[in-house]
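Scroll down for the structure; my scribbles are underneath it.
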Amino acid sequence: MKTHVKALVVGGGAIGTSIAYHLARAGWSDVMLLERDELTSGSTWHAAGLLPLFNMSYAVTHIHQYSVDFYKTLEEETGLNAGFSVVGNLRMAQSDARMDEYMLYAATAETCGVHYEWMSPAQIKERWPLVNTDDLKGAIYHPEDGYINPADVTMAMAKGARQRGVTIERKWQADAYEWTGSEWRVTLTKMVEKGGNLVPSDEQTVVTAEHVVTATGNHAQRTARLLGIKMPAIPVEHQFIVTEPDPALVAYRKEGGAEHPVLRDADAKWYVREERGGWILGPYERGAPARFPYGVPDSFRADLFPLDLERIEEEYMSMIHRIPSTEEVGLKDDFNGPICYTPDGNPLVGPAPGLRNMWLAEGFSFGITAAGGAGYYLAQMMVDGEAEIDMASLDPKRFGAWMTTEYACRKNEEAYEHVYILHHPDEERRACRPLRTAPSYDRLKARGAQFGVVNGFERPNYFGPLDAPAEFDHNARSFRRGDWWQYAEAEARAIREGVGMIDASAFTKHRVSGPGATAFLDWFTCNKLPKVGRINLTYALTEQGTTRTEYTIVRLGEDEYYLVSSGALTDYDGDFLRKAAADKAGEFGYIAVQDVTTQYGVFAVAGPKSRDLLRAVIKDADPDTALSNKRFPWLSARQIELGMCPVNAVRVAYTGELGWELHHPIEMQNYLFDLLEKAGEEYGLKLVGARAQNWLRQEKSYRAFGHELGRDATPLEADLPRFVDMSKEFQGKSAMEALGVRSKCCTLLVDGPEDADPWGHEAIYDQDGTRVGRLTSGGFSVAFGKSIGMGYVSPEMAEPGTKLQVRMFDQLWPAEVAVDSPYDPKNETIRKDG
Ligand SMILES: Cc1cc2nc3c(=O)[nH]c(=O)nc-3n(C[C@H](O)[C@H](O)[C@H](O)COP(=O)(O)OP(=O)(O)OC[C@H]3O[C@@H](n4cnc5c(N)ncnc54)[C@H](O)[C@@H]3O)c2cc1C
């Protein structure tokens, strides 16, 4: 066995094998794939092999699309048939809301180049007469996917990997990882058979590797323990059953009927496909329990759990309803295996928190579908530094250090159960809530707050009726304008016309200080650093020149900075910042990085009357001038006192109105809330949620991280040259310049349907009906009285006045590129003196 490799991939399931293959294909020939048992002996062995293209996430859709295309090429490359049956995939809808969901999904599919067709119940019946279409509204059909043999496709990838120089070692288990400062020393133990179990022998060896990837499937908890990190990848039981041959199906096929596509009755929560004259039914039922929260027992190899038929009775009956011929057919076989999940149902792909050259590819629930694409994009990240798509939504650090085993179990069970629920874009899931709350939570709730979750943190989305029933928010959801819309609209108006207050406590906050802090941040971010007492908007770039993180930097002192970034990705930002600071300390001097996210709450007070409100509570020798432009200019920060609360006040407003962010000690939050609420009575202060804020920031063309800003576009492509100081050197600068401006961000005013706004997933077309880009945000503009969106098109098309179209609900709606910051383009209201 080799004792040194460039990359060691631990885990020989579909995922690890694909990663090894793709690393070799990307040019790393010195790769070892390690498997404690036999290839495919983990979860891959149980899989039904479906390859659904359907997914609401942009990144995952790209991953699935790559896999489906790639698997079709494997036989030619390796000579091994991966058993890909391209039978297509028919997702049926029982309700109009389900059809709305498919139309929203189709928007994402289009932007990823995924082909789909619409089918009416009559068309379905004509092609597949065994399907009962009586209660169907229609279906979306993917002709290009289907199902594959999971073991065969893995073996084909393994052969392809070997052909490209990868070595595969079986019956060796990775048991310890040690980072020497430049490489990993991985201790391996030879595994042996004993009494039907696979157990460690006394034989050990050490392999050193520059990079390690873990793809350990259901063993993720053991891997996390060995690495000393947390991973919310815990399996849930998943069962499928195989029926005896169905005489009606056998007859239909005998008469020349085409094989059924994989049928999905999403409202009934199942998939069905043909299997040797019978059917496979795979339900995603309620009540499937999480398993092995602390690790897989040695005695569990390719084992299965007993079938729980009672749990899937409802789905079973609904299969009989949909395919009446199944009523008389008996059961032939059943599978109940552990399927790995994460709290949001997406895998963990990317660098491990706190560790160098350690990559995770864990928590795959659709791992056969995802393997090809996950291997391809992870290999890009490792070999080239970044993937061509933004992988932030799959980053392992999107779940913070606050995450626990119990949380992961409950959320993973919920994610499993939600596979087929309506994926409303305004959905907020219920499990494990409330968990992380700011002190004002109860007060906000008592005032009608309907909360959403950011990184586990409760944040008001909007303020509904005071006497709202418990189900209010659930029932308010829609693919169109939900019942919450009117509340968000009133809140947005309040900020434009009066004064509103937003709880923005979930923001990520870091304090960066020390002798090396200034030189470090100057290199780390692309804008000029602010002077003491001032603030700047700036970006930290990837090595590829794309946007890694957006920061508002407040300079508290010569060598002391307060960095505010998106609340969704605290650990992602912190990890990147700490690693970069450690790397550069030798060059720049000591740099202290402290995550102070939970030490400070934030109330954003904005609107034409915000100054009057704050003046009423500020304690200052001259309260009349304390908030004037002279003493407190726009884009500056001041330590002020509001009543007895010391506040780091920052004169910015993400809503684009006159306003201040009030960063305050979290333990004084309720005091400050009461003070502002009482004083606000005179000014008509309205509590405002995140949905209204999201609309308002689009009227100002403020880009949002995770939407317009991400690792697939540079700040220049985001059309933010004013925040890039080309006169200095900074991380990613030359790469950013080399990329040029491939496409450009713009703001669109959309004359959409009466009852809906775009969500930010929609495809953009030119006037001839050619697809030219995609939206990354969407909503409603109170200033213009119509829908608004932001997105990317070619630089020529991003010119103000360009007429475009946006596809919503399968129709094209007129849109026009607005000037940047269509509301108050000269920032007059923000800069207003008083
Ligand atoms: C009943 C069922 C049906 C499913 N149907 C589908 C489907 O239709 N479509 C689909 O896309 N997905 C399906 N899945 C999910 C799919 O099986 C998984 O997502 C996929 O197999 C995950 O692959 P993996 O490589 O991550 O994990 P695994 O296949 O579990 O591979 C991990 C490997 O790592 C090895 N390993 C672990 N720790 C170590 C160590 N320390 N050292 C060395 N080796 C180690 C294990 O032995 C194992 O072989 C299904 C799952 C189940 C249970």
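The values are calculated or read from the model by the stated rules, or taken from the named source; none is laboratory data. If you're wondering where the values come from, they're calculated on a predicted model, not measured in any experiment. In this analysis, Cβ positions are derived from the backbone assuming ideal geometry, glycine residues included, and neighbour counts consider all displayed protein chains. Note: areas computed on protein heavy atoms with side chains; ligands, DNA, RNA excluded. Shrake-Rupley method; radii C 1.70, N 1.55, O 1.52, S 1.80 Å.
If the condition is being under 12 Å from the mean Cα position of the chain (by Cα) and among the aliphatic types (A, V, I, L, M), then region 379-407 contributes M391, A392, L394. The number of residues in region 324-349 being more than 10 Å from the ligand (Cβ to nearest atom), part of a strand (DSSP E or B) and open to solvent by less than 20 Å² (accessible area, probe 1.4 Å) comes to 2.
Here G282 fulfils each of the conditions (1) open to solvent by less than 40 Å² (accessible area, probe 1.4 Å); (2) at pLDDT below 95 apart from (2). When D757, D768 are checked against the criterion of being open to solvent by less than 50 Å² (accessible area, probe 1.4 Å), in a loop (DSSP other than H, G, I, E, B) and of a type in the set (D, E), D757 stands alone in meeting it.
Going through (1) touching a Phe, Trp or Tyr at 6+ places or on another chain (Cβ under 9 Å); (2) part of a loop (DSSP other than H, G, I, E, B) one by one, H707 falls short only on (1).
Among the residues of region 377-397, those identified as within 16 Å of the ligand (Cβ to nearest atom) and within 19 Å of T546 (Cα to Cα) are Y377, L378, A379, L394. Assess whether D622 counts as being farther than 20 Å from G607 by Cβ, open to solvent by 50 Å² or more (accessible area, probe 1.4 Å) and either at pLDDT 95 or above or not in a loop (DSSP other than H, G, I, E, B) (or both). So D622 fits the description; yes. Restricting attention to region 593-612 and to residues that are of a type in the set (A, V, I, L, M, F, W, C) and over 17 Å from R831 (Cβ atoms), the residue that is most open to solvent (accessible area, probe 1.4 Å) turns out to be V593.
Is there a residue being touching a Leu at 6+ places or on another chain (Cβ under 9 Å) and under 30 Å from R481 (Cβ atoms) anywhere in region 35-43? So far as region 35-43 goes, no, none of its residues is touching a Leu at 6+ places or on another chain (Cβ under 9 Å) and under 30 Å from R481 (Cβ atoms).
Matching residues to (1) part of a loop (DSSP other than H, G, I, E, B); (2) open to solvent by less than 10 Å² (accessible area, probe 1.4 Å):
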{"site": "A718", "(1), (2)": "yes, yes"}
{"site": "A738", "(1), (2)": "no, no"}
{"site": "V741", "(1), (2)": "yes, no"}
{"site": "L749", "(1), (2)": "no, no"}
{"site": "G752", "(1), (2)": "yes, no"}
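Checking each residue in region 99-132 for being open to solvent by less than 10 Å² (accessible area, probe 1.4 Å) and either part of a helix (DSSP H, G or I) or of a type in the set (G, A, S) (or both) picks out E101, Y102, Y105, A106, A107, T108, A109, I124. Among the residues making up region 248-268, those that are open to solvent by 30 Å² or more (accessible area, probe 1.4 Å) and touching a helix residue (DSSP H, G or I) at 6+ places or on another chain (Cβ under 8 Å) are A248, A258, E259, D267. Of the residues in region 357-372, at least one is within 30 Å of R185 (Cβ to Cβ), more than 17 Å from the chain's Cα centre (by Cα) and open to solvent by 20 Å² or more (accessible area, probe 1.4 Å). Scanning region 143-186 for residues that are within 10 Å of the ligand (Cβ to nearest atom) and among the basic types (K, R), which turns out least open to solvent (accessible area, probe 1.4 Å)? So the residue we want is K171.
Restricting attention to region 53-63, the residues that are open to solvent by 10 Å² or more (accessible area, probe 1.4 Å), away from the ligand (no atom under 13 Å from the Cβ) and not aliphatic (A, V, I, L, M) add up to 3. Would a scan of region 29-52 turn up a residue that is more than 14 Å from A374 (Cα to Cα), away from the ligand (no atom under 14 Å from the Cβ) and open to solvent by less than 40 Å² (accessible area, probe 1.4 Å)? Yes: one or more hits. Taken together, the residues in region 145-162 that are of a type outside the set (S, T, Y) and touching a helix residue (DSSP H, G or I) at 6+ places or on another chain (Cβ under 7 Å) amount to 11. Per the conditions (1) closer than 21 Å to L378 by Cβ; (2) modelled with pLDDT under 95; (3) open to solvent by 20 Å² or more (accessible area, probe 1.4 Å), the sole criterion not satisfied by A82 is (3). Inspection of region 783-799 finds a residue satisfying the criterion of being closer than 20 Å to H707 by Cα and polar (S, T, N, Q).
Quick one: in region 408-418, of everything that is over 14 Å from Q221 (Cα atoms) and over 17 Å from the mean Cα position of the chain (by Cα), which residue is most open to solvent (accessible area, probe 1.4 Å)? Taking the candidates together, the pick is R410.
A Cβ distance below 7 Å, combined with a sequence gap of six or more or placement on separate chains, defines the contacts here; from region 134-157, residues that are closer than 12 Å to S85 by Cα reach residues that are among the acidic types (D, E) in the pairs P143/E117.
For region 798-818, the set of residues classified as open to solvent by less than 50 Å² (accessible area, probe 1.4 Å), part of a loop (DSSP other than H, G, I, E, B) and not polar (S, T, N, Q) consists of A798, G801, F809, A818, listed by residue number. Screening Y66 on (1) at pLDDT 95 or above; (2) within 11 Å of the ligand (Cβ to nearest atom); (3) surrounded by fewer than 22 Cβ atoms within 10 Å (Cβ to Cβ) shows it passes everything except condition (2). Within region 237-261, residues that are of a type in the set (K, R) reach partners that are open to solvent by less than 30 Å² (accessible area, probe 1.4 Å) and not in a strand (DSSP E or B) with beta carbons closer than 9 Å, at six or more positions or on different chains, in the pairs R253/G277. Restricting the search to helices (runs of 4 or more DSSP H) fully inside region 426-505 and requiring at least 3 residues that are within 25 Å of E413 (Cα to Cα) and either touching a Lys or Arg at 6+ places or on another chain (Cβ under 6 Å) or not charged (D, E, K, R) (or both) gives 472-476.
Candidates in region 313-350 are the residues that are polar (S, T, N, Q) and within 27 Å of E274 (Cβ to Cβ); of these, the one that is modelled with the lowest pLDDT is N336. Of all residue pairs spaced 6 or more apart or on separate chains, those with beta-carbon atoms under 6 Å, a first member in region 303-327 that is farther than 30 Å from D37 by Cβ and a second member that is open to solvent by less than 30 Å² (accessible area, probe 1.4 Å) and among the small types (G, A, S) are S318/A268. Contact map, region 169-183: first residue closer than 12 Å to A209 by Cα, second residue more than 9 Å from the ligand (Cβ to nearest atom) and charged (D, E, K, R), Cβ cut-off under 7 Å, separation 6 or more or different chains; pairs are E178/R185; W179/R356; E183/E210.
Looking across region 184-216, the residues that are free of Cβ contacts under 8 Å to residues at least 40 places away in the same chain and charged (D, E, K, R) come down to R185, K190, E193, K194, D202, E203. If you go through region 6-28 and keep only what is buried (at least 24 other Cβ atoms within 10 Å of the Cβ) and touching a strand residue (DSSP E or B) at 6+ places or on another chain (Cβ under 7 Å), you end up with A7, L8, V9, V10, G11, G12, I15, G16, T17, I19, A20, L23.
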